[in-house]
Amino acid sequence: MLKNFIFIAFSFFISQQLFADVGTLSFYGRVGGSAYSYMGNCPNVSAQDISSSNGNVVLVSDGLWDNGAACRRLYDMRCISTPGKKSCTRNVERVMVVGNCPNGQCVVAGKKVTMMVAAPRYSSFVQSRDAYYANIEYVQR
């Protein structure tokens, strides 16, 4: 019985440590846009792919782009902090890469960010639109 408890406790601890990379997240597009408005520059991603992922799609900076190999790559991510107010939802969401940011750099209000999620999905990570970027943890799936 004690062995089972230790195994379960250890498994829980390990599962909490899976988020290995830290970056920043902002949003692109507009709320209420069609799936086509969130298309990136990945040739193997269709509007149907975006719709079936519920719009959980991201553009990535050159650091993750990997010369296009990142297309359709899946990441699990969650918000860990925002500037100012504490407005993270703590939800863990799976997103799919649909392209890279213009000129390979994701920039919002002069700040470079790691990824930009489709605008309607930003609220899955951050409760307040006043927080124009968030610090995130993410892991490739």
- Task: Report yes if some residue within the stretch 58-65 is within 15 Å of Ser26 (Cβ to Cβ) and touching a helix residue (DSSP H, G or I) at 6+ places or on another chain (Cβ under 7 Å); otherwise report no.
- Result: yes
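With in contact with a Cys (Cβ under 8 Å, 6 or more places away or on another chain) and crowded, with 22+ Cβ neighbours inside 10 Å as the only criterion, which of Val58, Val113 stands out? Give the derivation first.
On the way: Val58 fails: in contact with a Cys (Cβ under 8 Å, 6 or more places away or on another chain).
Criteria check complete, one pass: Val113.
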- Would you point out which residue out of Ser87, Ser123, Ser128 is over 22 Å from Ala20 (Cα atoms), of a type in the set (Ser, Thr, Tyr) and at pLDDT 90 or above? Ser123
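Condition check ((1) among the polar types (S, T, N, Q); (2) touching a strand residue (DSSP E or B) at 6+ places or on another chain (Cβ under 7 Å); (3) modelled with pLDDT of 80 or more) across all residues:
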| position | (1), (2), (3) |
| --- | --- |
| Lys3 | no, no, no |
| Ile14 | no, no, no |
| Gly29 | no, yes, yes |
| Ala47 | no, no, yes |
| Ser51 | yes, no, yes |
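Return the residues of the stretch 55-102 that are in contact (Cβ under 8 Å) with a residue 40 or more places away in the chain and either of a type in the set (Val, Ile, Thr) or touching a Pro at 6+ places or on another chain (Cβ under 9 Å) (or both); say none if nothing qualifies.
Gly55, Val57, Val58, Leu59, Val60, Ile80, Thr82, Val95, Val97, Val98
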- If we ask which residues in the stretch 71-88 are under 19 Å from Tyr138 (Cα atoms), surrounded by fewer than 19 Cβ atoms within 10 Å (Cβ to Cβ) and not charged (D, E, K, R), their number turns out to be 5
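The values are calculated or read from the model by the stated rules, or taken from the named source; none is laboratory data. Quick caveat: nothing in here was measured; it's all calculated off a predicted structure. Because the Cβ atoms are built from the backbone with ideal geometry, glycine has one as well, and the counts that use them run over all protein chains shown.
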